[in-house]
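Colleague: A single structure is presented below for examination.
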Amino acid sequence: MSDGTQDVIRLVERYSAPNYAPLPVVVATAEGAWVTDVEGRRYVDMLSSYSALNFGHRHPELVKAAKDQLDRLTLTSRAFHNDQVGPFLRDLAELCGKDLVLPMNSGAEGVETAIKTARKWGYDVKGVAPDRATIITCAGNFHGRTTTIVSFSTDPKARQGFGPLTPGFVTVPFGDADALAAAFDHDVVAFLVEPIQGEAGVIVPPDGYLRAARELCTTNGALLVADEIQSGLGRAGSTFACEHEGVEPDVYILGKALGGGITPLSAVVADTDVLGVLTPGTHGSTFGGNPLACAIGREVVRLLQTGELQERSKKLGEHMLTTIREANLPAVKEVRGRGLWAGVELVPDAVPARAHCERLLERGVLAKDTHETTIRLAPPLVISEEDLDWALDRILAVLEEAAR
């Protein structure tokens, strides 16, 4: 690495809390599916900031919406109305087929908001006794890293050292409908689930699992809460990953791509009988629903309304998954995915996934490992087939070398 890259990395290592271990690249500019580092080297982005960049870097229409709004108004707080929040809420509610939207900022805030809403609904509507509400979650989940959320994480790194942990959660294996059925009782107010587990390695549940979850929630009078922060907004080849099984959850949690890769924006979307349990003072956020984020969010929804990006994700995703699977590489145990989203699981004795990602970096491809054995791939939905093939050629080459 040159001095410029080293200088920046040293600065980060000197002043940043050591909660990340990034790959040794310093990105300076970006456009579409490509980024350029401080030395002028270009890379294809095959991670998309964990789906926050579904529409690519600096999408011209999203940037225009942001610039136009920057010249007008950026923040009022919800103490006052602004002219962007109402249209954004309407447009997102219509996209989701729901009545109401509660805008927040980060994805973790969205999950916390959904948890609070489900508990309030459980007490006010279902009639659960005070402080008895239980939410079912899945092993291998990733919903964020707040104190409440890590309390039901099964990742030791996320949990250890952060107690006392928050009660009110019961964990079942992901994809096991029988275990889910056995976990229900009168105190269960919701089942919180990622339709596809992202951080766990792009784990797709068995066919019929989400339909079974929908039926169990309906039968037991509980809310089905779908965390579509990573899987939603086109990533899985449809607007929402739940659509693959024809399932409509009671609550959507959205984030990441909702802010267009420009600003944090998350939302909880549900019908009036759910979100209507909140009243002034019960929940809020100074920046939630700010006009800058809402102006960008409106443009995100508009881009999704045509269905073009979802279709691109489906078509190019099938090509990406087929290409890797049909290579039959000895280092690859399994290739999971849906849409433009894949988890390449390596065989147990293979070189660690981190080392693969470092080798990909040297060849101009940005990807990220998870749980030591999986390479995650999530290119922007706007990537061209030519650029995708360019990246896939290098991915296959690195995987082939690993078997030698």
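Throughout, read-outs are computed from the coordinates displayed, never taken from laboratory work. Since the model is a prediction, treat every value here as computed from it, not as a measurement. All Cβ positions, even for glycine, are placed from backbone atoms using ideal geometry, and neighbour counts span all protein chains on display.
Colleague: Kindly provide the chymotrypsin sites (Phe, Trp or Tyr not before Pro) of segment 1-77 that DSSP labels as loop, not H, G, I, E or B, and whose Cβ sees at most 15 other Cβ atoms within 10 Å.
Modeller: Details: sites: 15, 20, 34, 43, 50, 55; in loops: 20, 55.
Counting only loop positions with at most 15 other Cβ atoms within 10 Å, the chymotrypsin sites (Phe, Trp or Tyr not before Pro) in segment 1-77 are 20.
Colleague: Taking the Cβ of residue 168 as the center, what net charge do the other residues with Cβ under 10 Å away carry, scoring Lys and Arg +1 and Asp and Glu -1? List each step's numbers first, then the result.
Modeller: On the way: positive: 119, 132; negative: 131, 187.
Result for the local shell: 0.
Colleague: Additional query: Please give me the summed charge of the neighbours of residue 325: other residues whose Cβ is under 12 Å from its Cβ, Lys and Arg +1, Asp and Glu -1. Walk me through the numbers before you get to the answer.
Modeller: Working: positive: 333, 336; negative: 318, 326, 334, 345.
After counting each charged neighbour, the total is -2.
Colleague: Calculate how steeply helix 85-96 sits against the longest principal axis of the alpha-carbon atoms of the chain, using the helix alpha-carbon long axis, and give the answer as 0 to 90 degrees to the nearest 10.
Modeller: 80
Colleague: Could you give the angle, 0 to 90 degrees to the nearest 10, between helix 3-15's Cα long axis and the longest principal axis of the Cα atoms of the chain?
Modeller: Helix 3-15 and the main axis of the chain meet at about 30 degrees.
Colleague: Excluding residues on the same chain fewer than 8 positions from residue 126, give the lysines whose Cα lies under 27 Å from its Cα.
Modeller: 98, 116
Colleague: Here is a follow-up. Roughly what would the spin-label model give for residue 248 and residue 326, points 7 Å off Cα along C-beta, in nm?
Modeller: 3.8
Colleague: Based on other C-beta atoms within 10 Å, arrange 184, 152 from fewest to most. Intermediate values should be presented prior to the final figure.
Modeller: Working: 184 18, 152 24.
Ordered from fewest to most neighbouring Cβ atoms within 10 Å, 184, 152 come out as 184, 152.
Colleague: Once you put a point 7 Å from the Cα of residue 123 and another 7 Å from the Cα of residue 71, both along the Cβ direction, what distance in nm separates them?
Modeller: 4.8
Colleague: Over the chain, with a Gaussian network built from C-alpha contacts below 10 Å, which listed residue (12, 332, 38) shows the highest mean-square fluctuation?
Modeller: Looking only at 12, 332, 38, the largest GNM fluctuation is found for 12.
Colleague: Right, here's the next one. What list of ³J(HN,Hα) values in whole Hz, one per residue of segment 144-161 in order, does the Karplus curve 6.51 cos²θ - 1.76 cosθ + 1.60 (θ = phi - 60°) give from phi, with Gly and Pro shown as x?
Modeller: Along segment 144-161, the couplings run x, 9, 6, 4, 5, 5, 5, 5, 10, 7, 9, 8, x, 4, 6, 9, 5, x Hz.
Colleague: Taking N as the number of residues in the chain, what is its Cα Rg relative to 2.2 N^0.38 Å? Don't jump to the answer; show the numbers that get you there.
Modeller: Working: Rg = 21.2 Å, N = 404, 2.2 N^0.38 = 21.5 Å.
Taking N as the residue count of the chain, the ratio is 0.98.
Colleague: Setting aside same-chain residues fewer than 8 positions from residue 64, which lysines have a Cα under 22 Å from its Cα?
Modeller: Straight-line reach from residue 64, under 22 Å: 256.
Colleague: Calculate how steeply helix 385-402 sits against the longest principal axis of the alpha-carbon atoms of the chain, using the helix alpha-carbon long axis, and give the answer as 0 to 90 degrees to the nearest 10.
Modeller: Around 70 degrees separate the two axes.
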